[in-house]
Structure formats: C-alpha cells, structure tokens
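A quick write-up on the structure given underneath.
Since every read-out is calculated from the coordinates, none of them should be taken as a lab result. Since this is a predicted model, take the numbers as computed values, not measurements. Here the Cβ positions follow ideal geometry from the backbone for every residue, glycine too, while neighbour counts run over all protein chains shown.
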Amino acid sequence: MDKKTTGIILTVVAVLLCGCPGLCLCVFGAYAATGRMPYSSDIIGYTGSGNIPSYIGFVGLCLALIFIAIPIVVGVLTLRKKPEKAVTFDEPVPPAA
C-alpha cells in the first residue's frame, strides 16, 4: 500500500472512531448545557430525579470539539504533500576566476 491509501484509511478510521461520537456528544452537550435535560435514578430503593447541571453540558461540548478536531488533524497530517528535498552534491566547488 502506498502512503496515500494508508492516509485515507487512517482518516476514515479516525472519523468513525472520533468524529461520529464527537458529533453525538456535541448534540448531547448542547442540550445538557441548556439545563433542561432531566435524569432519574433508582439505587437500592433510593429514587432521585432532577435536571443535569449545565456545566456538564459545557464539558461535553469541549470534549466534542476535541473529538471532532482529531479526524481533521489526522487527515491534514496524513494526506498533505510533503515538500521534496533539494538535491545536494558533495563535489567541491571550483575556484572563482
């Protein structure tokens, strides 16, 4: 496999493993940041309910941005064209006239 094919495969894997969960987390974080997301729990006979605090939504949004940025960085780093190195000669330079 050449480097371009490997770069495409790595980018697709990064999108599937980081980009898609990042978008879902972004939706969850945006809704939770409004402070209207309810929760309920039942632990050994104790029942609790309420709204998720908005700071959890903001943390989710920050994590979502990181997860969305990972495939972008992977794509840029693996698919960019690297500059070719200049040809150097080890021959001595003739003296000036």
Euclidean distance of C-alpha centroids, segment 68-97 and segment 12-40, integer Å
39
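Taking the inverse of the average 1/r across all pairs of different Cα atoms in the chain, what Kirkwood radius in Å do you get?
Working: mean 1/r = 0.0568 Å⁻¹.
In the chain this quantity evaluates to 17.6 Å.
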Listed residues Tyr46, Tyr31, Tyr55; largest mean-square fluctuation, Gaussian network over the chain with Cα springs below 10 Å, found at Tyr46
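Packing-wise, with mean Cβ within 10 Å as the measure, how do 20-28, 37-45, 3-11 rank, highest first?
Output ranking for 20-28, 37-45, 3-11: 20-28, 3-11, 37-45.
Tell me, what does the Kirkwood hydrodynamic radius of segment 38-85 come to in angstroms if you use every pair of distinct C-alpha atoms? All intermediate terms of the calculation are to be shown ahead of the outcome.
Numbers: mean 1/r = 0.0685 Å⁻¹.
One over the average 1/r among Cα pairs gives 14.6 Å for segment 38-85.
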